[in-house]
Amino acid sequence: MDEQIAKLKEWVDTSDNIVFFGGAGVSTESGIPDFRSVDGLYNQQYKYPPETILSASFFHSEPKEFYRFYRAKMLALDAEPNAAHKKLAEWESQGKCRAVVTQNIDGLHQKAGSKEVLELHGSVLRNYCMRCRKPYDVRDIAAGTGVPKCTCGGIIKPDVVLYEESLDSYTINKSVEYIRNADILIIGGTSLAVYPAAGLIDYYRGDKLVLVNKSETPADRRANLVIHAPIGQVFSQL
């Protein structure tokens with residue numbers, strides 16, 4: 001692995017157009033559980049499967065049960081950025097990393113200092129009234145019980161993309177633009193199993209496609225460099 005990390009460091013040191021595409025594995029080292037690992041949310045037992053609870057139809061039909069799960073399992077407000085988040089922010093400040101495209105909703109990239117973060121699935125940090133669009137802080141949601149209501153009486157919804165909902169077209173198009181024009185595309189901490197997000201990497205046209213993930217992914221065979229290791233461990237050596 002040392003040889004692979006040395007190669008990645010060489011590429012990074014000579015580039016000013018890096019784009020990072022990341023998933024849940026980027027945040028697991030900050031103590032946030034992912035969705036598909038042995039210890040992930042999909043392997044825990046609930047009254048309903050997490051896929052069901054985190055769907056738009058369930059949110060509208062069973063908002064109380066949605067929020068019971070959401071507060072307990074989806075909010076990790078004390079989590080801190082790890083080595084991967086910090087390194088990406090450092091690269092951006094050095095003019096190397098143009099954008100972070102993330103499937104995560106925890107806001108840790110921004111907490112680490114990254115400015116150009118494209119959140120494909122939204123963010124738990126933003127919440128709004130479905131009736132009047134008044135914004136609400138995530139701590140208001142975390143501290144409450146039951147279904148959070150706006151002063152106007154409307155239900156407050158997290159600004160996250162639930163199952164059955166479409167991704168934001170502006171975020172998608174901006175992500176495609178960055179990926180298409182990237183010199184180096186680093187994919188980290190994702191199984192590349194969630195579409196349409198995972199399909200974005202197909203727009204990369206360069207010859208420095210890097211995969212950093214603990215397990216194999218469908219894109220390993222087409223990558224120019226593959227490192228099977230925790231992403232924080234790898235990035236702390238760059």
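Annotations for the structure displayed:
- For the pair D183 and T171 in one chain, pulling the backbone fully straight at 0.36 nm per residue adds 2.3 nm over the alpha carbon distance.
- Segment 71-201 - convex hull of alpha carbons, volume per residue in Å³: 125
- Cα convex hull of segment 151-193 - mean projected area over all directions, nm²: 5.3
- For segment 184-195, the Karplus equation 6.51 cos²θ - 1.76 cosθ + 1.60, evaluated at θ = phi - 60°, returns couplings of 10, 10, 9, 9, x, x, 9, 7, 6, 9, 9, 10 Hz by residue, with Gly and Pro reported as x.
- Restraint check, K115/K149; K87/K214; K87/K134; K73/K174; K115/K214; K47/K157, Cα-Cα greater than 25 Å: K115/K149; K87/K134; K73/K174; K115/K214
- Of all the options V161, V100, V26, the one that moves most in a Gaussian network model of the chain with Cα springs shorter than 10 angstrom is V161.
- Under 20 Å from the Cα of K96 - aspartates and glutamates, other chains or at least 8 residues apart: E10, D13, D16, E116, E119, E177, D183, D207
- For S55, the residues 5 or more places off, or on other chains, whose built amide H falls under 5 Å of its own are Y163.
- With all protein chains modelled, accessible area of M1 [1.4 Å, Å²]: 90
- Share antiparallel - DSSP beta bridges, the chain, percent rounded to 5: 30
- Its Kirkwood hydrodynamic radius, worked out from the mean inverse distance over all distinct Cα pairs, puts segment 65-142 at 13.8 Å.
- Close amide H contacts of I187 (hydrogens built in the peptide plane, cut-off under 5 Å, sequence separation of 5 or more or a different chain): F21, V210, L211, V212.
- Near the amide H of Y128, within less than 5 Å, lie the amide hydrogens of Y136, K157, D159, all on another chain or at least 5 residues away, with H placed in the peptide plane.
- Its residue count N fixes a reference of 2.2 N^0.38 Å for segment 126-238, and the Cα radius of gyration divided by that reference is 1.43.
- Among beta bridges from DSSP that stay inside segment 84-203, the antiparallel ones total about 75%.
- The chain, dipole about Cα centre (Lys/Arg Cβ +1, Asp/Glu Cβ -1), debye to the nearest 20: 680
- Max mean-square fluctuation residue, GNM over the chain, Cα-Cα springs under 10 Å, options K47, K149, K87: K47
The values are calculated or read from the model by the stated rules, or taken from the named source; none is laboratory data. If you're wondering where the values come from, they're calculated on a predicted model, not measured in any experiment. Note: ideal-geometry Cβ built from the backbone for every residue, glycine included; neighbour counts use all protein chains shown. Areas reflect the complete protein model, heavy atoms only, side chains present, ligands, DNA and RNA absent. Shrake-Rupley method; radii C 1.70, N 1.55, O 1.52, S 1.80 Å.
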